[in-house]
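For reference, the structure discussed in these notes is given below.
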Amino acid sequence: MVDEYHLVHLSTGDIFRQNIGKKTDLGKKAKEYMDNGKLVPDFITIDMLRKEIKNHSATHGFLFDGFPRTIKQAESLDKLLLNLNQKISMMISIEVSEAELVKRLLKRGEESDRADDQDENIIFNRIAIYKKETEILKSYYENQNKLFSVNGEQSIGNVKEQIFTLINLYKVESKIK
């Protein structure tokens, strides 16, 4: 998607890891939360993201990965993008069952040695937080006609094809309006 649509990929996980690796003040704070299986608070996430967006001001747009996770973050992102004369065009939700998600995270924990992905209690805690705080974003974006869902339990190729189809349809419909 990044290459096809000339976007900058902003993964909050990558941004967290960069800040943790560089031992920035925000990175140190984020690490404490992540090591305990908790979501990083909004003020830390938004501050990190703001810096990254400003570093890529001459782009065609962004692919946000892992963000926003709360209504407050979505509203903050909307305000931040508005100041840059941009907006969220689409929110694509890649749907995966809880059982499959746990399986994938445990496998990632084995392959990456990430402590938070090796402990089922931490994984189930993150899923519970997702259901409580993040799942409501679907309604937030659905009310703006920006929500699109893809079955994430298909092959990677099929998921990619469906996402590209959605983006291309959106681009065509946007030009018509």
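The values are calculated or read from the model by the stated rules, or taken from the named source; none is laboratory data. In this text, all values refer to a predicted model and were calculated from it rather than measured experimentally. In this analysis, Cβ positions are derived from the backbone assuming ideal geometry, glycine residues included, and neighbour counts consider all displayed protein chains. What goes into the accessible areas is simple: the full protein's heavy atoms, side chains included, and nothing from ligands, DNA or RNA. Shrake-Rupley method; radii C 1.70, N 1.55, O 1.52, S 1.80 Å.
For the stretch 4-13, what are the residues that are over 16 Å from residue 171 (Cβ atoms) and modelled with pLDDT of 90 or more? If the condition is that a residue be over 16 Å from residue 171 (Cβ atoms) and modelled with pLDDT of 90 or more, then 8, 9, 10, 11 are the ones that fit. Counting the residues of the stretch 37-76 that are among the small types (Gly, Ala, Ser), surrounded by fewer than 18 Cβ atoms within 10 Å (Cβ to Cβ) and in contact (Cβ under 8 Å) with a residue 60 or more places away in the chain gives 1. The numbered conditions (1) open to solvent by 50 Å² or more (accessible area, probe 1.4 Å); (2) in contact with a strand residue (DSSP E or B) (Cβ under 9 Å, 6 or more places away or on another chain) are all true for residue 135 except (2).
Of everything listed in (1) in a loop (DSSP other than H, G, I, E, B); (2) open to solvent by 50 Å² or more (accessible area, probe 1.4 Å), the single unmet condition for residue 79 is (1). Within the stretch 146-155, identify whether any single residue is open to solvent by 50 Å² or more (accessible area, probe 1.4 Å), part of a helix (DSSP H, G or I) and not hydroxyl-bearing (Ser, Thr, Tyr), and answer yes or no. No, the stretch 146-155 has no match at all. Residues in the stretch 83-116 that are assigned to a helix (DSSP H, G or I) and among the β-branched types (Val, Ile, Thr): 102 only. Just one of the listed residues (79, 103) is within 22 Å of residue 140 (Cα to Cα), modelled with pLDDT of 85 or more and of a type in the set (D, E, K, R), and it is 79.
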